[in-house]
Amino acid sequence: MLRASLPPLDGELRAVGLKATLHITRDALGVPTIDAANRFDLAYGTGFVHGQDRFFQMDLSRRLAAGELAELFGARALAVDRKTRLFRLRSVARQVLAEASVPQRALLEAYARGVNAGLTSLRSRPWEYWVLGTPPGSWRPEDTVLVTYAMWWDLQSEDFAYERLRQEVNARLGGRECGDGWKCALSFLYPSLTEWDAPVGAEPPAVPAELPPPEALNIREARPVEAAHPAAGASMSGESGNRAGSNNWAVSGRLTASGAALVANDMHLSLRVPAVWYRARLRIAGEGAGGTPLDLIGATLPGAPLLVVGSNTHIAWGFTNSAGNWASLTRVPCTAVGAEELSTASGTLALTVTRERIHVKGAADLELDVKSGPAGVLWQADPGRRSCWFVGWLAQQPEATNLSLMGLERAASVAEALALAPGIGIPHENLVVGDRDGHIGWSIFGRIPEGTAAARTLGSIEWTTAADHPRIVDPPRGLIWTANARVSVDRKELALIGGSDAGYGANYVLGARARQIRDDLQALPGGAKPADMLRVQLDDRALFLARWRALLLKLIDAAGARDQPGRAEFRRLVEAWDGRAGVDSVGYQLVRSFRDHTRDAVWDMVVSALGVPPDYNVGPPSQFETPLWQLVTRQPQYLLARQYADWPAFLSAALDATIADLGAECADLARCTWGRHNVVRIRHPLSPSLPALGWLLDMPPLGLPGDTHMPRVQQVAFGASERFAVSPGHESQGYFQLPGGQSGHPLSPFYRSGFLAWAHGEPQPFLPGPARHTFTLKPN
């Protein structure tokens, strides 16, 4: 039964809806090259291979966005469906499709026909549906839009909880705005500029965080709330999940060996089986008399008929999450929530109610009332705390999503690519692009509302145009880099990206990773090649923790280690550390753990003193490193919890807690390596329910180097979802890596192909290799 669902790789098939013969070849890794006579047949062929190799993955993506997972998995998926169904994204996807151009709709229809043909080419339904006891549903054109919304959700939905926490902290600080001469406690905790920033452009001066005066924040005199630790499942780090971000950069042709620009990209996402992306080469020899050839090489997203990142031989491009502010969160002080209205101390607020029906496998349907007000959808209601939170998310605006990304397929220069930026409707990304003439550029791909007010995401929206949409072209250094931190130094552009949160760091991650990438690129000799880019992507030097190592060594001096064998051993191992997050590194694990304990304890002191509800505490912002360092080095007594005599006592307690926790994990501290902790586990979604088949379904677990604040981002189930570097017009010199194979079928020879090369940082060719299999589709 399993083998019956393997796709045929060789042969011929008559296909309804094709205009001309289409050829699909696959190389030794299973990477397809699709040769078509026109763009619609090319979309059909792309859908065909996606349907053959990745249908279950596509199904999960559309169901996630639509809030329809319970229909497949039953009541266990209801919690997720309740969250996503609030935004009614299937309804929005239908509006997007209705507003698309006639050619765009025709393209999605061709793709959907191809997906369904690929699905029916299997002799049996995909194996996952036998396990679930449910037949797969056919693919519809609107489902492609939903796959895009799944990416919106993955990249931006975490921001709602972080913004709620920021607003709660601000409210408990008295809601004061920062004025002239006022050392604002909120801007101390949520700094907009830090000493780690490394934007493209003029180097900003170091910005030490100003300590707020005792009248603004006094932890020592506060009465901390009990159990202020983060809610179950919440990340305390503010550095995991999507906030660890992605990397991309471009090197000007005047600095490369080929003379063409050199573009590198590694998008960091949750790692799963199969891989997020699907490699492909999509070609058209020429559309009719005088038609222009098309040659697209790179990564596609299963569920969509276009190239997401890669090269069209004229330009190459890559993406990272922009980390901007693309949603408004509004608190209404509610006292009760009724069927169609919300009560406050000053009156009532009428709500618009839409009833959604969630189908639940093996149980009755669930009715969900989606309630909306002037500030958006009612996201969370907590009348007991007089807090009802409304979200206005750009994803809910049909005009914010479209298929215009396909315009990159025909762009022949950086100028042409950047001209598309204001109209591209995708979740907001840092685009880095380079062309074969050596030019490089940056912009935001994703539609940006004008203005900075929180309400800019609501109602009728005026969008940026070419006149004010953020962009950088050919900077003097010949280098552009992004890593989810601040890119531009232009205040107007920063305001457009950060919106009402621009003064509090937007959703940017700490700039340490961007700074290290910048320094790596500036240190390259002339004549840069793709191999140089891979060395930067694999850089696991922990420069960010150097000052924490120094702090530890100062803390554990000879007196501090006397009669403390655990501390003495800790110091010895830290002193011997080589400065990398290597698999055999004990020192890295120790320094990192101490910093994590210290950060979490300090943040806990802050939110406890402010009385923040535990379920609101999702951890500190990424920029918290700046105020944290100010606190542990300047050591103001009034910003220390009263349970500690002084800051040295607090740091010593954090050290002892670190030793105790590591001792529970490793009997011998000298064996507590980073590789033992950072074991990468890339699993199939069904693997937890089929533990006996984990060996078959999952990638082999491996201890790998890398972490968060360095170019090589690597965590247990998060990291580089791809790596590549290429110069347009010189694709044969580039490389491409995926953390898994092309196929979603565990019996396929392409299920794990490429995984070990990704894990060990071994380059694989950017172009597909010689054909090993050929499948032909002919018009019926």
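Per the helix-only calculation at 222 nm, which mean residue ellipticity applies to the chain, given -39500 (n - 2.57) for every DSSP H run of n ≥ 4 and division by its residues, nearest 500 deg cm²/dmol?
For the chain, the value works out to -9000 deg cm²/dmol.
Ignoring everything but the protein chains, give the 1.4 Å probe accessible area of His677 in square angstrom, nearest 10.
80
Dimensions of the range 1-96 along principal axes (Cα, Å, largest first)?
In descending order, the Cα extents are 44, 36, 24 Å.
How big is the charge dipole of the range 547-617 about its Cα centre, in debye rounded to the nearest 20, if each Lys and Arg gets +1 on its Cβ and each Asp and Glu gets -1 on its Cβ?
That gives a dipole near 300 debye.
Just name one of Ala692, Leu631, Tyr588: the one whose Cα is farthest towards the positive end of the charge dipole of the range 571-698 (beta-carbon charges, Lys/Arg +1, Asp/Glu -1).
The listed residue farthest towards the positive side: Tyr588.
Please work out how many pairs of lysine residues in the chain are eight or more positions apart (or on different chains) and have Cα atoms closer than 27 angstrom.
5
Taking 56 Å as R0, compute the FRET efficiency from the Cβ-Cβ separation of Ser732 and Asp656 and round it to 0.05.
After rounding to 0.05, the efficiency reads 0.50.
Length gain on complete extension for the stretch Thr348 to Arg547, per 0.36 nm per residue less the alpha carbon to alpha carbon distance?
Length difference between fully extended and current span is 66.2 nm.
If you take the square roots of the eigenvalues of the alpha-carbon gyration tensor of the range 360-476 and sort them as a ≥ b ≥ c, do you get rounded (a/c under 1.5), prolate (a/b over b/c) or oblate?
prolate
Counting only C-alpha contacts under 8 Å and six or more residues apart, can you give the relative contact order of the range 671-745 as a whole percent?
24
Kindly identify the range 679-780 as rounded, prolate or oblate by the Cα gyration tensor criterion: order the square roots of the eigenvalues as a ≥ b ≥ c, call it rounded if a/c is under 1.5, otherwise compare a/b with b/c, prolate if a/b is larger, else oblate.
Oblate.
Taking a ≥ b ≥ c as the square roots of the eigenvalues of the Cα gyration tensor of the range 519-659, is the shape rounded (a/c under 1.5), prolate (a/b larger than b/c) or oblate?
Oblate is the answer for the range 519-659, as a/c is 1.5 or above yet b/c matches or exceeds a/b.
With a 1.4 Å probe and all protein chains left in place, how much of the accessible area of the range 259-371 comes from carbon and sulfur atoms, in whole percent?
Ligands and nucleic acids excluded, carbon and sulfur give 49 percent.
Among Ala363, Cys334, Leu351, whose Cα lies farthest out toward the positive end of the dipole of the range 325-368, if unit charges sit on the beta carbon of Lys, Arg (+1) and Asp, Glu (-1)?
The listed residue farthest towards the positive side: Ala363.
Nearest-5 percent of antiparallel DSSP beta bridges in the chain?
Beta bridges within the chain, antiparallel portion: roughly 90 percent.
Tell me, what is the 1.4 Å probe accessible area of Val432, in Å² to the nearest 10?
0
So what is the diffusion coefficient of the range 20-174 in µm² per second by Stokes-Einstein at 25 °C and 0.890 mPa s, using a Kirkwood Rh over Cα pairs?
Translational diffusion coefficient: 140 µm²/s.
Between Ser460, Val276, Gly51, whose Cα lies farthest towards the positive end of the dipole of the chain when Lys and Arg beta carbons carry +1 and Asp and Glu beta carbons carry -1, centred on the Cα centre?
Working it through, the farthest residue towards the positive pole turns out to be Gly51.
Distance in nm between label sites at Ala531 and Ala4, each 7 Å beyond Cα in the beta-carbon direction?
In this crude spin-label approximation the distance works out to 5.1 nm.
Dipole of the chain, Cα-centred, from +1 at each Lys and Arg C-beta and -1 at each Asp and Glu C-beta, to the nearest 20 debye?
Around 1020 debye, computed over the chain.
Given the chain, report the % of alpha carbon pairs whose separation exceeds 49 Å.
Tail fraction, whole percent: 16.
Given a Förster distance of 56 angstrom, what is the FRET efficiency for Glu462 paired with Glu12, based on the Cβ-Cβ distance and rounded to 0.05?
After rounding to 0.05, the efficiency reads 0.60.
Round to the nearest 0.05 the FRET efficiency obtained for Ala568 and Arg642 when R0 = 30 Å and r is the Cβ-Cβ distance.
After rounding to 0.05, the efficiency reads 0.50.
Rounding to the nearest 20 debye, state how big the charge dipole of the range 518-658 is about its Cα centre with +1 on each Lys and Arg Cβ and -1 on each Asp and Glu Cβ.
Dipole of the range 518-658, to the nearest 20 debye: 300 debye.
With a cut-off of 16 Å, note down the residues of the range 116-150 whose backbone N falls inside the zone around a label point 7 Å from the Cα of Arg105 toward its beta carbon.
Only 140-145 fall inside the zone, counting backbone N under 16 Å.
Between Ser91 and Asp490, what is the spin-label point distance in nm, taking each point 7 Å from the Cα along the Cα→C-beta axis?
Simple spin-label model gives 3.8 nm for this pair.
Heavy-atom accessible area per residue, the range 329-462, 1.4 Å probe: how many Å²?
Accessible area per residue: 40 Å².
The values are calculated or read from the model by the stated rules, or taken from the named source; none is laboratory data. For clarity, every value in this text was computed on a predicted model and none was experimentally measured. Please note: Cβ atoms are built from the backbone with ideal geometry, for glycine as well, and neighbour counts cover all protein chains shown. For the accessible areas, the whole protein counts, side chains as well, though only heavy atoms, and no ligand, DNA or RNA atoms are used. Shrake-Rupley method; radii C 1.70, N 1.55, O 1.52, S 1.80 Å.
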